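Where a number appears in this text, it was derived from the coordinates with a stated rule and is not lab data. Bear in mind that the values here come from a model prediction, so they are computed numbers and not experimental data. In this analysis, Cβ positions are derived from the backbone assuming ideal geometry, glycine residues included, and neighbour counts consider all displayed protein chains.
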Amino acid sequence: MSDAEPLSLQMPPELFEAVAQRAAEIAAGRNDGYLDVKGAARFLGNCSPKRIYNLVERGDLPHRKFHGRLLFDPRELRAEIERSA
């Protein structure tokens with residue numbers, strides 16, 4: 001354990017509400033950002049990154065490429081899951 005002082009932070013109520021709202025959205029899976037391969041693997045139920053690459057190669061997983069990186073929109077992944085169910 002550390003003997004460091006606890007963190008104390010003061011912020012205006014509207015900023016606190018904005019932070020709380022964003023945290024709730026992330027917790028509910030409504031993230032506006034893109035996921036990388038590892039993030040997509042976690043999102044899809046802790047499958048392996050290799051599985052993600054295989055799905056992309058087969059054309060079975062919506063994705064984007066940006067500067068050589070594969071990126072995934074969580075909303076598109078969720079829609080793909082719902083279509084498959």
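Applying the selection to segment 66-76, what residues are over 10 Å from the mean Cα position of the chain (by Cα) and surrounded by 13 or more Cβ atoms within 10 Å (Cβ to Cβ)?
Listed by number, the residues that qualify are Leu70, Leu71, Glu76.
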Positions within segment 51-77 being aromatic (Phe, Trp, Tyr) and closer than 12 Å to Ala40 by Cβ, in sequence order
Tyr53, Phe72
If Pro62 satisfies every condition in (1) without any contact (Cβ under 8 Å) to a residue 40 or more places away in the chain; (2) out of contact with any strand residue (DSSP E or B) (no Cβ under 9 Å at 6 or more places or on another chain) but one, which is the exception?
(2)
Got at least one residue in segment 74-84 being assigned to a loop (DSSP other than H, G, I, E, B) and in contact with a helix residue (DSSP H, G or I) (Cβ under 9 Å, 6 or more places away or on another chain)?
no
